[in-house]
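Accompanying notes for the structure given below.
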Amino acid sequence: MSMDEVLEKLLKAMRTFDGVLEVAPGEGSGFPEVAWGDHFFYFAPDGRMPERGQPYATVVTKNQPGDALSELDRPGRWRLNVHVGRRAFTELTGEEPGDPAGDRDHAATDVLQPHPVYRSHGWVAIVNPTDRSLPELLRLLRSAHDDARRRAARRDTTG
């Protein structure tokens, strides 16, 4: 299965989540050029980008300032990032989010690993996942979406 097919399967699945808002900035969108071509996923049942909070998943297609270890500027590369939280982060990686990053190849493909920048916040990342990784990634994405829904419900009740 090609990289584009894997990406399309992931995007198609995420777009079915209830209350999902996909923000995919492009030229003329009002977003900075560094975000063009990327995808940001929020729980937003009203269809508006939340004023508070971060996306629960992103797809990035190029290096970002301070985030070049995944070598996304090479042709045909992209990275899925998922906020899994501290407990799931430890279960998935065998490490604590606050542990030092250590020596790791963040450019390795189809390897779920701590996010090269946001590991301390409970994010994991995978460069160019394959069909082999899809079931686990879809499970993580569903869980991240459900967690975002619960956070939104808490914000609604606490003001």
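Structure notes:
- Some residue of the stretch 96-119 being in contact (Cβ under 8 Å) with a residue 60 or more places away in the chain and in contact with a helix residue (DSSP H, G or I) (Cβ under 8 Å, 6 or more places away or on another chain): no
- Residue in the stretch 135-158 that is among the β-branched types (Val, Ile, Thr) and out of contact with any Phe, Trp or Tyr (no Cβ under 9 Å at 6 or more places or on another chain) present: yes
- Flag if Val23 is under 18 Å from Ala152 (Cα atoms), surrounded by 11 or more Cβ atoms within 10 Å (Cβ to Cβ) and of a type in the set (A, V, I, L, M, F, W, C): yes
- Residue, modelled with the lowest pLDDT, within the stretch 76-93, restricted to residues that are in contact with a strand residue (DSSP E or B) (Cβ under 7 Å, 6 or more places away or on another chain) and of a type in the set (Val, Ile, Thr): Thr93
Okay, residues lined up against (1) surrounded by 13 or more Cβ atoms within 10 Å (Cβ to Cβ); (2) over 14 Å from the mean Cα position of the chain (by Cα); (3) at positive phi:
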{"site": "Ala57", "(1), (2), (3)": "yes, no, no"}
{"site": "Val60", "(1), (2), (3)": "yes, no, no"}
{"site": "Pro75", "(1), (2), (3)": "no, yes, no"}
{"site": "Leu80", "(1), (2), (3)": "yes, no, no"}
{"site": "Val84", "(1), (2), (3)": "yes, no, no"}
{"site": "Ala88", "(1), (2), (3)": "yes, yes, no"}
{"site": "Glu91", "(1), (2), (3)": "no, yes, no"}
{"site": "Gly98", "(1), (2), (3)": "no, yes, no"}
{"site": "His106", "(1), (2), (3)": "yes, yes, no"}
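- From Phe89, Phe31, Phe40, residue being aromatic (Phe, Trp, Tyr) and assigned to a loop (DSSP other than H, G, I, E, B): Phe31
- Filtered residues of the stretch 25-45 (kept if of a type in the set (Gly, Ala, Ser) and either more than 14 Å from Leu7 (Cα to Cα) or over 18 Å from the mean Cα position of the chain (by Cα) (or both)): Gly26, Gly28, Ser29, Gly30, Ala35, Ala44
- Residue match in the stretch 81-96 (condition: more than 29 Å from Arg154 (Cβ to Cβ) and not β-branched (Val, Ile, Thr)): yes
- Checked against the criterion of being in a strand (DSSP E or B) and under 19 Å from Lys9 (Cβ atoms), the candidates Val111, Val124 yield just one match: Val124.
- In the condition set (1) farther than 19 Å from Glu5 by Cα; (2) surrounded by fewer than 19 Cβ atoms within 10 Å (Cβ to Cβ), His115 is compliant with all but (2).
- Hits in the stretch 52-87 - residues which are more than 22 Å from Asn128 (Cβ to Cβ) and small (Gly, Ala, Ser): Gly53, Gly85
The values are calculated or read from the model by the stated rules, or taken from the named source; none is laboratory data. These figures come from a predicted structure and were not determined experimentally. For neighbour counting, all protein chains shown are included, and Cβ atoms are generated from backbone atoms with ideal geometry for every residue, glycine included.
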